[in-house]
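Peer 1: One structure follows; several queries about it will come next.
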Amino acid sequence: MTVADNPGPEAARSPLIDHLVIGGLKSYAQPPTHVPLAPLTLVFGPNSAGKSSLLSTLTLLRQTVVADKPYQLRTRGDLADVGSFRLAVHQHDPDSRITLGIGFRAPDPDAVTWIGSSVIRELSFGYGWDAERERPADTLVSIDLDGFGTQFLVDADGVERPGQPEDAQWQDFLASLAIAREVLDPVATMPSQPVMRRAEDVTPGGALASGDPIAGARLGLGVQLAAELGEVLSRIAYLGPIRARPERSASLSTTAYHYVGPEGEYTTEVLADNPGLVDTVNEWFDRLGLGYQIRIVTPSSDEVSVTAGDFAVLGLIDVRDDPPSLVSSRAVGYGISQITPIVVQSLLSENGMLLIEQPEVHIHPRLQAQVGDLLINTVQERGNQVLVETHSEHLVLRLLRRVREGVLDPDDLSILYVDLLADGAAHVRRLDVDHSGDLVDGWPGGFFDERLEEVLGQRW
């Protein structure tokens, strides 16, 4: 993935993801689990229970679909590396499938994809593996269209297998496409959303000359939806659990930088390419009490902004000194390097989705809590959706406090607890939050009760 993969803030608003579909991946068994998401979602649970795998649903899909080969699962890539298919599939069963998918929030027309007179509620891919031939097997494509669905098998090259079931609901949907051609013309009746007005439009090449109009339309629909899914996934910015310390200097080019990278490795380039962002980042550095201000300099000057083709250095001004002194970003505490990419990407992305693993790494408990305010800001002010994997009690307590204060609506916060069942399969439970900022059913046993155990000498 290149640094320019993520579109800038001027790009069109992407649909809000209502839920994830995951099955057959690592600890997640089949049939697939449907995991609810909110504008701001936190994922908790013991180690090796399946928290990171939830984020992998999106990172694996992103590196697969954006590569224009939605029917060939890329288990190894820049965003996610889960090993071979045999290592990644649940219980290492090569005859099983890995199911990954996304559900869209409906019926808001500004947040869903419309096809004819129906709404796309869910699209998932069930990836298989041919162990005998050591190559991808047929992929099971599942589409939920506003109350009814269809499934069909496609090979790794996107060719539908013959003999697929043809039910009455699917034929009714094809009829709706023809009706939509008359009813929904012009397209402007559905603002900013693609509309298929003819069954012919959804076939590869735009023709039904194959003699199988059902299969042709069905496959073509899958192809277009995969392309539209790629547009949604391209707006994901993923930050892994360990962020890289910035290099002493970075060489800039004419590339537009809208993503700090999965390890924050392009943070300097992003700030140099977006000079107006530096002031906003510094405002949050001050708000977070970091004690530093960012300054972008060149080796030959002390200018805040640089031009394309120059070398840029991310410097830090220690505002606690009198007078403030300029120091290298590599000469300060490790925590600064861990939090900086999160702050930068949170303030840069707009109408996208942030995936963040363990934002609390190497930072003080008070700062962990303040990260909660940063996440609320990027959701409310930048229109982003955020999914965070974390162990931080301080982070969740700050968010619950903001719910209690009326700053954050409880419906905009989803707290997921992932644990393992007796058979070793992952189980996801949503912990409901009321308007008082309390968990309706309390914390799951064994989590966040270590403080009482250490203080009182017994487990509660």
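Peer 1: Among the residues of the range 380-399 satisfying the criterion of being crowded, with 20+ Cβ neighbours inside 10 Å and hydrophobic (A, V, I, L, M, F, W, C), which is nearest to LEU20 (Cα to Cα)?
Peer 2: Going through the qualifying residues, I end up with LEU387.
Peer 1: Still on this structure: Please verify whether the range 342-356 includes one or more residues that are on the phi > 0 side of the Ramachandran plot and either of a type outside the set (Asp, Glu) or at pLDDT 95 or above (or both). Lay out the reasoning, then the answer.
Peer 2: As a first pass, look at the range 342-356 and keep what is on the phi > 0 side of the Ramachandran plot: 351.
Okay, now just the ones that are also either of a type outside the set (Asp, Glu) or at pLDDT 95 or above (or both), so 351.
Checked the range 342-356: at least one residue is on the phi > 0 side of the Ramachandran plot and either of a type outside the set (Asp, Glu) or at pLDDT 95 or above (or both).
Peer 1: Is there any pair linking a residue in the range 61-88 that is not assigned by TED's automatic domain parsing to the domain that holds LEU140 to one that is of a type outside the set (Val, Ile, Thr) and in a helix (DSSP H, G or I), with Cβ under 8 Å and at least six apart or on different chains, and which?
Peer 2: Going by the 8 Å Cβ cut-off, there are no qualifying pairs.
Peer 1: With touching a residue at least 12 places away in the same chain (Cβ under 8 Å), of a type outside the set (Gly, Ala, Ser) and in contact with a helix residue (DSSP H, G or I) (Cβ under 9 Å, 6 or more places away or on another chain) as the only criterion, which of LEU420, LEU326, LEU367 stands out?
Peer 2: On the way: LEU420 fails: in contact with a helix residue (DSSP H, G or I) (Cβ under 9 Å, 6 or more places away or on another chain); LEU326 fails: in contact with a helix residue (DSSP H, G or I) (Cβ under 9 Å, 6 or more places away or on another chain).
Only one candidate passes the filter, namely LEU367.
Peer 1: Restricting attention to the range 357-379, and to residues there that are touching a Gly at 6+ places or on another chain (Cβ under 9 Å) and under 18 Å from PRO246 (Cα atoms), which single residue is surrounded by the fewest Cβ atoms within 10 Å (Cβ to Cβ)? If you could, list the steps in order and put the result at the bottom.
Peer 2: To start, the set of residues in the range 357-379 that are touching a Gly at 6+ places or on another chain (Cβ under 9 Å) comprises 357-358, 361-364, 366-367, 370.
Adding the requirement that they be under 18 Å from PRO246 (Cα atoms) leaves 361-363.
Numbers: VAL361: 17, HIS362: 15, ILE363: 22.
Only one residue tops the list, namely HIS362.
Peer 1: Consider TYR28 against the criteria (1) hydroxyl-bearing (Ser, Thr, Tyr); (2) in contact with a helix residue (DSSP H, G or I) (Cβ under 7 Å, 6 or more places away or on another chain); (3) surrounded by fewer than 20 Cβ atoms within 10 Å (Cβ to Cβ): it satisfies all of them except one. Which criterion is unmet?
Peer 2: It fails just one condition, (3).
Peer 1: Given (1) surrounded by fewer than 24 Cβ atoms within 10 Å (Cβ to Cβ); (2) assigned to a helix (DSSP H, G or I), where does ILE339 come up short, assuming only one miss?
Peer 2: Result: ILE339 fails condition (1) only.
Peer 1: Filtering the range 263-278 down to residues that are under 15 Å from SER346 (Cβ atoms) and either more than 26 Å from the chain's Cα centre (by Cα) or not hydroxyl-bearing (Ser, Thr, Tyr) (or both), which residue is surrounded by the most Cβ atoms within 10 Å (Cβ to Cβ)?
Peer 2: Among residues in the range 263-278 that are under 15 Å from SER346 (Cβ atoms) and either more than 26 Å from the chain's Cα centre (by Cα) or not hydroxyl-bearing (Ser, Thr, Tyr) (or both), the one surrounded by the most Cβ atoms within 10 Å (Cβ to Cβ) is LEU271.
Peer 1: Within the set of pairs 6 or more residues apart or between chains, which connect a residue that is within 16 Å of SER329 (Cβ to Cβ) and in a helix (DSSP H, G or I) inside the range 262-286 to a residue that is of a type in the set (Phe, Trp, Tyr) and modelled with pLDDT under 95 with Cβ atoms less than 7 Å apart?
Peer 2: Pairs that qualify, where the first residue is within 16 Å of SER329 (Cβ to Cβ) and in a helix (DSSP H, G or I) and the partner is of a type in the set (Phe, Trp, Tyr) and modelled with pLDDT under 95, are GLU269/TYR257; VAL270/TYR257; PHE285/TYR292.
Peer 1: How about the range 82-106: which of its residues are within 15 Å of LYS26 (Cα to Cα) and not in a loop (DSSP other than H, G, I, E, B)? Give the derivation first.
Peer 2: Let us first name the residues in the range 82-106 that are within 15 Å of LYS26 (Cα to Cα), namely 82-100.
Matches in the range 82-106: PHE85, ARG86, LEU87, ALA88, VAL89, HIS90, GLN91, HIS92, ILE98, THR99, LEU100.
Peer 1: Further, regarding this structure: Taking the options LEU42, LEU60, LEU79, name whichever one is assigned to a strand (DSSP E or B), buried (at least 18 other Cβ atoms within 10 Å of the Cβ) and either at pLDDT 95 or above or not acidic (Asp, Glu) (or both).
Peer 2: Numbers: LEU60 fails: assigned to a strand (DSSP E or B); LEU79 fails: assigned to a strand (DSSP E or B).
Exactly one residue qualifies, and that residue is LEU42.
The values are calculated or read from the model by the stated rules, or taken from the named source; none is laboratory data. The structure displayed is predicted, hence computed values, not measured ones. Please note: Cβ atoms are built from the backbone with ideal geometry, for glycine as well, and neighbour counts cover all protein chains shown.
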